[in-house]
């Protein structure tokens, strides 16, 4: 019998969980098919979220001949065979691991994409803005396949119970445990369910302890009050942000017990810049060093580096001005017309007339009267420093001095 995850693979968009923005009634892929206007696109997102399934359903409903191509293992010759065997007529090509596509394959494929002879669906687990060649990326629409939330995976698990060889019931805490141990990947969650069911008989109830056993965790028990892994990460961040060192250590301990070192270090690095920020700017480097050391030595010793870092972060002064400032700037740029870069900050214009740019280091205090914001927002302010820490108070004082000097020189 085929694996449970294979048997549960959706056959139509209505059966896909958690991706309504793509395949729901008003989803962009649904509308493409309804209007018979097929565009090349790239699906990106974590493993086990349904990228391949969505691509397969889309391909089957497209009305085109479709082919699967793995950019990691297959060559230009294979792609050439596909196109030649179809007499270069309109086809659809699903390219798995598109971020690994070699340059010669890209060069061969691009003209067919340009002419519309080949519609491409790319699949990748990486950030396409960083991992996929600009030539391919600019010819494709980019759609994120989101990590599934707990309720979506629980729905998939409850549906899958009907496909098991045994007739069992399942406790709520067992569902939550499978979601957590699967790291929100539906395929992994289904694999855990299938493994856990092997130790049960008709009429039995699947509990968190069964899940715990097959997931290979032996260091602590799961109970009805066990928190979701991502809720624990959030609780750790809120405790550090709230300067509660004991709570911070408590949630760190719970996370260490679950063993996902990468997730812990990633969150701690974010906290160093989001919540401590300019109140203690050395914390970023300290966090990076501690996290790097923790990853190098691994558990159980990594708990020592993590403990040092969490204690230091919890007791450190806090400032969120960095994140609030950049979010204000982003919101402004995305929602309003902010205008063009001024000529004296535009390299092309400066090359034509070097005199328009006044080099600050030639002026007293390395400050002159030129403003670098676009004219439409020349008086806009985004950074509002706080007084709570010595370092940021110094930045605030420096900002006042800069403003005073610029006003005098105007």
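The values are calculated or read from the model by the stated rules, or taken from the named source; none is laboratory data. Bear in mind the structure is a predicted one, so any value in this text is a computation, not a measurement. For neighbour counting, all protein chains shown are included, and Cβ atoms are generated from backbone atoms with ideal geometry for every residue, glycine included.
Scan the stretch 158-176 for residues that are farther than 13 Å from residue 197 by Cβ, part of a helix (DSSP H, G or I) and touching a helix residue (DSSP H, G or I) at 6+ places or on another chain (Cβ under 8 Å) and report the count.
Just the residues of the stretch 158-176 that are farther than 13 Å from residue 197 by Cβ, to begin with: 158-159, 171-173, 175-176.
This time we only want the ones that are part of a helix (DSSP H, G or I), so: 158-159, 172-173, 175-176.
So of that shortlist, the ones also touching a helix residue (DSSP H, G or I) at 6+ places or on another chain (Cβ under 8 Å) come out as 158, 173, 175-176.
The qualifying residues number 4.
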message = So in the stretch 92-105, with the set limited to residues that are touching a helix residue (DSSP H, G or I) at 6+ places or on another chain (Cβ under 6 Å) and over 16 Å from residue 62 (Cα atoms), which one is surrounded by the fewest Cβ atoms within 10 Å (Cβ to Cβ)?
response = 104
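Would it be correct to say that residue 82 is without any contact (Cβ under 8 Å) to a residue 24 or more places away in the chain and in contact with a strand residue (DSSP E or B) (Cβ under 8 Å, 6 or more places away or on another chain)?
Details: without any contact (Cβ under 8 Å) to a residue 24 or more places away in the chain: yes; in contact with a strand residue (DSSP E or B) (Cβ under 8 Å, 6 or more places away or on another chain): yes.
Yes: the conditions hold for residue 82.
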remark   = When restricted to 133, 117, the only residue within 23 Å of residue 36 (Cβ to Cβ), surrounded by fewer than 17 Cβ atoms within 10 Å (Cβ to Cβ) and without any contact (Cβ under 8 Å) to a residue 60 or more places away in the chain is 117
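Given 363, 403, 343, 332, which one is within 35 Å of the chain's Cα centre (by Cα) and either outside the structural domain of residue 245 (by TED's automatic domain parsing) or more than 30 Å from residue 249 (Cα to Cα) (or both)? Talk me through it step by step, then tell me what you get.
Working: 363 fails: within 35 Å of the chain's Cα centre (by Cα); 403 fails: within 35 Å of the chain's Cα centre (by Cα); 343 fails: within 35 Å of the chain's Cα centre (by Cα).
Result of the check over 363, 403, 343, 332: 332.
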key: Enumeration of residues in the stretch 375-391 that are crowded, with 16+ Cβ neighbours inside 10 Å and out of contact with any helix residue (DSSP H, G or I) (no Cβ under 9 Å at 6 or more places or on another chain)   = none
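Matching residues to (1) closer than 18 Å to residue 246 by Cβ; (2) modelled with pLDDT under 95; (3) in a helix (DSSP H, G or I):
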{"residue": "272", "(1), (2), (3)": "no, no, yes"}
{"residue": "275", "(1), (2), (3)": "yes, no, yes"}
{"residue": "284", "(1), (2), (3)": "no, no, yes"}
{"residue": "287", "(1), (2), (3)": "no, no, yes"}
{"residue": "290", "(1), (2), (3)": "no, no, yes"}
{"residue": "293", "(1), (2), (3)": "no, no, yes"}
{"residue": "300", "(1), (2), (3)": "no, yes, no"}
{"residue": "311", "(1), (2), (3)": "yes, no, yes"}
query = helices (runs of 4 or more DSSP H) wholly in the stretch 40-152 with at least 2 residues that are under 30 Å from residue 176 (Cα atoms) and not assigned by TED's automatic domain parsing to the domain that holds residue 181 - which ones?
reply = 51-61
ask   = Can you name the condition, by its number, that residue 262 falls short on among (1) surrounded by fewer than 17 Cβ atoms within 10 Å (Cβ to Cβ); (2) touching a helix residue (DSSP H, G or I) at 6+ places or on another chain (Cβ under 6 Å)?
value = (2)
